[in-house]
Amino acid sequence: MVTGIYFFLLKKKEYELVYAGKERKEDIIAETMAVPLQEIKTFGKSEDSWTNKLIFGDNLQILKEIYNDQRGKNLLDTKDKIRLIYIDPPFATKQDFMKDGEKVYQDKVIGAEFLEFLRERLILAKEILADDGSLYIHLDGKKGHYVKILLDEIFGENNFIREIIWDRMNPSGGKAAAENWIHAHDTVFYYTKNSNDKIFNKEYEPYSEEYIEERFIHKDANGRYRLQGSDNRKQYLSESKGKAVTSVWGIPDINVMATERLDYPTQKPEVILERIVKASSNKGDIVMDFFAGSGTTLSVAEKLDRKWIGCDCGKFAIYTIQKRILNITESKDLDDKENGYGKEYKPFTLYNAGLYDYKKIKELPWEKYRDFALNLFEVRDEKHKVSGIEIDGYRGNDNTIVFNHEKHKSVVLDYGYIDDLHKHVGSKIGDKFFIIAPAGHVDFLEDYVERGKTRYYILRIPYSIINELHNRDFENIKQPADEKDVNNTVESVGFDFIHPPEVECLYKSDKKNFPINITHFMSKIRSKNPQKYANFETLSMVMVDYNYNGEVFDLDKTYFAEGLKNDHYKIVFDKSMIDKKMMIIYMDIFGNEKREVKQVSDFK
Ligand SMILES: C[S@@+](CC[C@H](N)C(=O)[O-])C[C@H]1O[C@@H](n2cnc3c(N)ncnc32)[C@H](O)[C@@H]1O
């Protein structure tokens with residue numbers, strides 16, 4: 001049967017890229033799990049109905065959440081409004097660190113996985129884009145051509161508009177030392193959802209002096225120089241908009257001294273994004289980057305009065321972006337590059353996707369909690385009654401209720417509760433019935449209880465049944481322990497619950513130096529089969545804000561676990577660095593954080 005469909009597809013499309021593990025588009029859309037976005041904090045005072053959005057989590061599930069929201073209540077207000085998506089995905093470079101023999105084989109496996117990783121996201125990206133929207137994807141020569149074929153399949157070849165070559169102009173280090181042609185460019189593919197209905201604001205750049213000297217040579221009667229075009233059009237230099245920007249962009253890469261440099265590996269220059277955002281969106285449009293990294297797209301979108309949505313699954317990225325936006329006032333102005341931008345940042349909300357602070361969830365008012373619970377298990381919100389019992393909605397075709405732990409404070413969900421329910425509704429429902437309840441309110445261990453011909457499934461919040469429901473193992477998002485790994489592809493199956501790691505440190509000073517000696521680092525894992533980890537094994541990084549203002553963590557320095565290991569888990573500060581209060585975040589590879597505020601007097 002599968003072969004039948006496959007040939008049908010081939011016949012229909014005539015050609016396509018074939019690789020192991022390529023799923024059907026329909027299955028990808030249907031089977032990707034959505035994860036509710038949990039609001040963590042809003043920076044700045046939001047006066048508008050819109051607030052920019054920074055979302056921590058795996059972008060696949062975030063895209064599905066937005067997809068569902070656009071087809072449902074549109075609470076996120078993105079429907080028909082995402083006019084531009086720019087992404088710069090990781091290039092699957094892990095294999096670069098392998099031995100040759102291993103590498104060739106791994107290249108292929110990782111290659112196919114990488115393509116499907118990207119294809120899943122591109123399929124959903126197209127779905128959430130406004131009908132007149134555009135997508136730009138930043139790639140290089142290694143995988144770019146494969147991705148081009150996938151993009152042709154997803155968007156349609158007629159919606160491929162341009163291949164842009166970014167000439168980095170100053171390749172340095174390893175790149176400049178290559179034994180053959182020096183590799184100096186990246187590729188950006190530009191697609192639209194609908195080539196006949198797209199926004200494009202044409203851009204011009206000043207003519208070079210050589211060009212002016214060569215071409216503006218004709219004098220008119222008044223002695224003014226003009227350009228004589230081949231079609232006999234005459235143009236005065238002062239009236240000319242300049243040279244229309246071509247598809248080859250010579251833009252210097254960010255160098256060590258650049259003021260915009262943020263020490264985030266793979267950071268792209270703002271000028272590239274300035275061109276893209278100006279050309280393919282208008283003021284007030286939503287610009288999205290779901291591989292946001294250091295937040296170049298978001299910063300540029302904000303400076304150009306666009307709204308933005310950014311996602312990243314790395315906490316290092318999230319903290320870098322948070323800092324970049326909060327300090328946007330001092331950053332470079334796009335039009336007047338000699339001066340600072342000068343304007344205050346616009347309010348933005350930080351969300352966690354699929355990473356829940358359980359304590360906060362229990363404190364939610366009932367309606368919000370109900371929304372959260374329905375969303376978490378992908379239940380359609382459709383209140384109805386069966387034999388006088390109020391049901392909250394449907395999961396697929398099956399009735400689902402959210403157990404009201406607020407109303408039934410002293411009641412637990414036990415066999416008696418199920419018996420009662422069955423007595424009322426048993427004869428009127430199908431073979432499945434779902435009950436969503438906080439794990440702590442359920443009195444038995446089974447995932448479902450059978451009564452008559454019906455199975456009553458208990459969907460426990462937080463975690464226990466997710467494996468069965470989604471029929472796959474549930475994995476956390478892993479945080480890197482080394483700077484080299486910051487650009488890895490990350491896939492997770494989106495659920496975890498915040499649980500700070502155990503950290504013990506010695507803060508001892510010899511009056512000159514102020515070292516922190518980490519002696520113990522253990523993660524607390526909440527899962528069905530928790531693995532045992534050795535001391536420090538789950539440490540990802542330590543992040544420090546030297547002058548913590550009591551409100552916002554403003555990242556100053558990151559110490560990755562690999563480096564810390566070499567330094568015997570010791571971080572040394574001198575007095576001038578910590579003359580104020582500092583905040584230290586110890587983070588594990590699952591993204592859980594332990595935060596501490598310290599000052600000189602704490603070092604004994
Ligand atoms: C090449 S960087 C983007 C750099 C960015 N253009 C800039 O200028 O800073 C790619 C980013 O994708 C993130 N990433 C990788 N897999 C992801 C996933 N599944 N969901 C969200 N972000 C992911 C990485 O954490 C990394 O920050």
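Could you check region 239-249 and list, in sequence order, the residues that are among the small types (G, A, S) and out of contact with any Lys or Arg (no Cβ under 8 Å at 6 or more places or on another chain)? Full working, then the answer.
Of region 239-249, the ones among the small types (G, A, S) are 240, 242, 244, 247.
Hits for region 239-249 are S240, G242.
Checked against the criterion of being within 11 Å of the ligand (Cβ to nearest atom), free of Cβ contacts under 8 Å to residues at least 60 places away in the same chain and either part of a helix (DSSP H, G or I) or over 16 Å from the mean Cα position of the chain (by Cα) (or both), region 283-294 has no qualifying residue. Looking only at region 354-408, filter to residues that are closer than 20 Å to V425 by Cβ and β-branched (V, I, T); which one of those is modelled with the lowest pLDDT? Per the stated criteria, the residue is V379. Residue count for region 563-579 satisfying the condition of being surrounded by 13 or more Cβ atoms within 10 Å (Cβ to Cβ) and at pLDDT below 90: 4. Selection of region 315-336 for residues being farther than 22 Å from I585 by Cα and either near the ligand (Cβ under 9 Å from one of its atoms) or buried (at least 22 other Cβ atoms within 10 Å of the Cβ) (or both) yields an empty set.
Which strands (runs of 3 or more DSSP E) does region 8-87 wholly contain that include 3 or more residues that are within 16 Å of the ligand (Cβ to nearest atom)? First the steps, then the outcome.
Numbers: elements: 37-43, 52-56, 82-87.
Per the criteria, 52-56, 82-87.
Just one of the listed residues (D431, D443, D381) is touching a helix residue (DSSP H, G or I) at 6+ places or on another chain (Cβ under 6 Å), outside the structural domain of W308 (by TED's automatic domain parsing) and in contact (Cβ under 8 Å) with a residue 12 or more places away in the chain, namely D381.
Summed over region 295-314, the residues that are within 10 Å of the ligand (Cβ to nearest atom) and modelled with pLDDT of 95 or more give a count of 8.
The values are calculated or read from the model by the stated rules, or taken from the named source; none is laboratory data. Nothing here was measured: the structure is a model prediction, and the numbers come from that model. Cβ coordinates were reconstructed from backbone atoms using ideal geometry, including for glycine residues, and neighbour counts include every protein chain displayed.
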